[in-house]
Structure formats: structure tokens, C-alpha cells
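For reference, the structure is listed below as C-alpha cells.
Each reported figure results from applying straightforward, stated rules to the coordinates on display, with no laboratory input. Keep in mind the model is a prediction, meaning the values are calculated, not measured. Methodologically, a virtual Cβ is constructed for each residue, glycine included, from the backbone with ideal geometry; neighbour enumeration extends over all protein chains shown.
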Amino acid sequence: MNNNKNSNLKTRPLQTAINIVLGCAVVALGVQTQILQKDQISVRELNVERLNVMEPTGHPRLVLANTAHAPKAIKQGKVVFDPGQRPGMIFYNDEGTENGGLIFRGKKVGDKIEHGLHLSFDRYNQDQVVALQHIEQDGMLIAGLNIVDRPQLDFDVYMELALAAEKGDQVAIAKLEALDVNKDGSVHGARRAFYGTLNNKAMLQLNDPSGKKRIEMAVNAKGEPQLVFYDAKGKEMLRLPEQKELKP
């Protein structure tokens, strides 16, 4: 009898240790299955109409959406205007303001092709300054890189003044002129450079701050090269080689 009691006393610490280990294992399994999986889930396939990638602060960092659920243009989380349907991805900066995106559409209406892809990056609180695009529409085929100057003015203020100026508001026009925004009468900035192809004509085009073409280097579909210089009024100054205008 005494020997059995001593044996039981010796096995109790071991059994207690085993129970503790098993208990810890059960708790760990519960944490893994009930808590961790809520923060990290792996799926083979996911179908969505819109996907919002959010920062811990609550503002978006990226939105991927179809046509019907495309986001509106926002600045610091507030809607500035509705640009309409634009399926693709929209990027946002650290303040929750839109600063570029990838948009893609394409279809055929009757005999006409309406096709376009557009990847752009915006100036801070402004519109796009770098845009890589391909457009096939109304007999035009273009693929290339655009560099655009934008005014140093917040987009919402700029849009309000721009819309008023386009309606002939002299106060708005004066404000834009004072801000040196519309040097050539435009309130939307100016394209400074284009590198790509236009209707089978490869070219590098450089413009002045007003958006007027000053230098164009091109090669047409026949392989014929040409370099042309223009003055501030758009008048041709020099053409190399000296011949008639290069045709596509």
C-alpha cells in the first residue's frame, strides 16, 4: 500500500507538466485558428467589383474598381468633383488625396474603335504631370509618354477658378493671370514634351511653357527622318533636311 502511494506521488508532477503543455498547445491552436486568421487569409480566387486598400488612419491608399464603382476625385478624403466612369486603379498620397492611376477601357461601337489605356502620376494637389498612354479612336492611333506642366495651385482652388474663367469671369481670369497660370490663355497647364508614335509617325516633340511646339524630331512610316525648329509664334525657322513637310 505504501509503495503505491509513493508511486502516485512521483507521477503527479509529470502528469501536471503534461497537462500544462497540452493546455498551452490547445490555447496556441485556438489563437492561430480564431485570431490570426482574421488578420491574414489566403484564398485561391477572389471576385470583387471594388477593392479599397486603406491606411490605419482611415484614408485610401489605392482603389481598384470596375466602371460602376469607380471612385470620385478626392482631396484629403473629401470629394472635389466627379470625373465620371473610369475603371482601373486610382492612387492616393499620404494625405488621402488622389495622385495618379491606371485606367483602361476598350470596345467597338459599330465600325468605330474606342480603346484607351492611361497610366498617370499627378503633381502634389494637382493634375497629371506624367502620363503614359495608348489611344485608338476616331482614326487616331497614338502611343507615348506625355510630360505636362501644371500650375502651383491646389487642384480644388484651380478647378473653381478655371471653370469660372472659362465662363468669362474676369475676376477669376485676373487671379489666374496673377498666378502665372494661363500664359497662353489656357487654364489647364501645358504639355511640354511628347515621345512616342502618332499615326505611324515616331516623334520627339518639345514645347515651350505655353505649350507651343518649338522642336520636332520625327521619322515617318517610310523611314524618312526630319528635324524642324519653330519660333514662339509657331512659324517654321529651320527644317532639316530642307524639303516639304514630312508625311506619315
With 0.36 nm assigned to each residue of separation and the Cα-Cα distance removed, VAL53 to ILE142 gains 28.8 nm
Under the Karplus relation with 6.51, -1.76 and 1.60 and θ = phi - 60°, whole-Hz ³J(HN,Hα) for segment 51-56, x at Gly and Pro, equal 10, 9, 9, 10, 8, x
In nm, the gap between the two label points placed 7 Å beyond Cα toward Cβ at ILE135 and PHE121 is 2.2 nm
Quick note on SER42, SER210, SER120, ordering by fewest other C-beta atoms within 10 Å, gives SER42, SER210, SER120
